[in-house]
Amino acid sequence: MALPLRTNLKHFIRFIQRFKPLKRCFCAAVCPEIKEPPLNARVFSGIQPTGVPHLGNYLGALENWVALQDQYPSVLYSIVDLHSITQPQDPDKLRNNILDMAASLLACGINPEKAILFQQSQVSEHAEFCWILGCLTSMPRLRHLPQWKMKSKQKNEGSVGLYIYPVLQAADILLYKSTHVPVGEDQVQHLELAQDLARIFNLHYGELFPEARALLSSTRKVKSLRDPSSKMSKSDSQAMATISITDSPDDIAQKIRRAVTDFTSEVTFDPQARPGVSNLVTIHAAVARLSVEEAVSAAKGLDTGAYKGLVSEAVIQRLAPLREEIQRRRADPAHLEALLALGSRRARQLAAPVLDEVRHRVGFS
């Protein structure tokens, strides 16, 4: 007797997922067709407390986070302060950055009644589970991950924390038996480590963890305004390269006015040949909720200088309500702290039973 088509499809996807070169292209095409998530579906994602997010964070991740709250039955978003200390941090600044990020997430539309919003370090199970998973992870596996390669070269010698950073990411995901993780393409290999560790743990100690799927955002990456070959980053040494979502209208206009373009006046979209102009088109399309084709059409008859003015107005209009809401929420730090404490308690209610079961299976209890 033939199995139903949906059952066959699910088995085939699981088969394809074990072959990493095929997984990305196939799952990106097929998984979106399974529109209704199962009742046990759970989304987990985290963001480092770097203060207020920039435009690339907002368009590339946070808008998607807000949408996922209404699409999945269980959603957790963590401010991952344990991850942040792989780089030296000023304690007072870190405390402020955590509250800035909480205010920003709430202003962008994260709803604590729909999603569990919490501070990672306040759920100690993350750190303990990281140690257990670390004992199942080989050093060569970690050495080949892109983040270690890149950052250890920049620092000449990275910390142990930076080295096991992906194991902590895996612990974050598996601790809640997450089934879906919104990630950028640059994080797919780290999610693959989480999938591998789920299989390794299940093989050694019995079936317990699902292999979480990637939810790749359809939003194009926002690039640096000063170097369109690199993505927009808060750590960029050039102040004009990155737009914070709390930038003033004058700051936004100045940054876009100084954005790198080229010597062709016509506005077209060609990321390879015209990366700077194409980045402006990407930003315009995203903030104005247009297709790329509609954004290019709106620029008809404008040279790149005039088009920068059009992009500035669209960005200013989109970010103004966010800036005001962040300022309002940041004025009440006690309320932010209480929300994070409540979220951490809710997260721990989910995490503690899972870690108890892990301890039992490993032999600690």
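Report for the chain the percent antiparallel among DSSP-assigned beta bridges with both residues inside it, nearest 5. Could you put the intermediate results ahead of the total?
Numbers: 3 of 18 bridges.
Restricted to the chain, the bridges split so that about 15 percent are antiparallel.
Could you state the angle between the C-alpha long axis of helix 275-287 and the longest principal axis of the C-alpha atoms of the chain, as a value from 0 to 90 degrees rounded to the nearest 10?
Value to nearest ten degrees: 70.
Could you list which residues have their amide H under 5 Å from that of K223, counting only those 5 or more apart in sequence or on another chain, with H placed in the peptide plane?
M232
Against the longest principal axis of the chain, how steep is helix 91-108, in degrees 0 to 90 to the nearest 10, with axes from Cα atoms?
Taking Cα atoms only, the helix is inclined about 80 degrees.
What is the set of long-range amide H partners of G46 at a cut-off below 5 Å, with H atoms built 1.01 Å from backbone N?
Residues meeting the amide H criterion: S78.
Note down the magnitude of the dipole of the chain about its Cα centre, charges +1 on Lys and Arg C-beta and -1 on Asp and Glu C-beta and zero elsewhere, to the nearest 20 debye.
Values: 44 positive and 37 negative charges, 164 e Å.
Taking the Cα centre of the chain as origin, the dipole is about 780 debye.
In whole Hz, what ³J(HN,Hα) sequence does the stretch 243-257 give by Karplus (6.51, -1.76, 1.60; θ = phi - 60°), x for Gly and Pro?
Ordered by residue, 3J(HN,Hα) equals 9, 7, 6, 9, 4, 6, x, 5, 5, 4, 4, 5, 5, 6, 4 Hz.
Say the cut-off is 27 Å between C-alpha atoms; which of K114/K231; K221/K308; K93/K177 go over it?
Numbers: K114/K231 30 Å; K221/K308 18 Å; K93/K177 32 Å.
Going by Cα-Cα distance, K114/K231; K93/K177 fall outside the 27 Å limit.
Just tell me which aspartates and glutamates come within less than 13 Å, Cα to Cα, of K300; anything on the same chain fewer than 8 places away is out.
Within reach: E266.
Expressed as a whole percent, how much of the Cα-Cα distance distribution for the stretch 228-336 exceeds 16 Å? Mind dumping the intermediate values first?
Values: 3561 of 5886 pairs.
Every Cα pair in the stretch 228-336 considered, those over 16 Å come to 60 percent.
Per the 1.4 Å probe, what fraction of the accessible area of the chain, in percent, lies on carbon and sulfur atoms? Intermediate values should be presented prior to the final figure.
Working: 10000 of 18470 Å².
Here carbon and sulfur together make up 54 percent of the probe-accessible area.
Run the numbers on the chain and let me know its relative contact order in percent, using alpha-carbon pairs under 8 Å that are six or more apart.
About 20 percent, as a whole number.
Would you indicate which of (1) 33, 23, 19; (2) 32, 27, 21; (3) 36, 25, 20 is the value of semi-axes √(5λ) of the Cα gyration tensor in Å derived from the coordinates of this structure?
Read-out taken from this structure: (3).
The values are calculated or read from the model by the stated rules, or taken from the named source; none is laboratory data. Everything numeric in this text was worked out from a predicted model, so none of it was measured. When we count neighbours, we look across all protein chains shown, and the Cβ atoms used for this are built from the backbone with ideal geometry, even at glycine. What goes into the accessible areas is simple: the full protein's heavy atoms, side chains included, and nothing from ligands, DNA or RNA. Shrake-Rupley method; radii C 1.70, N 1.55, O 1.52, S 1.80 Å.
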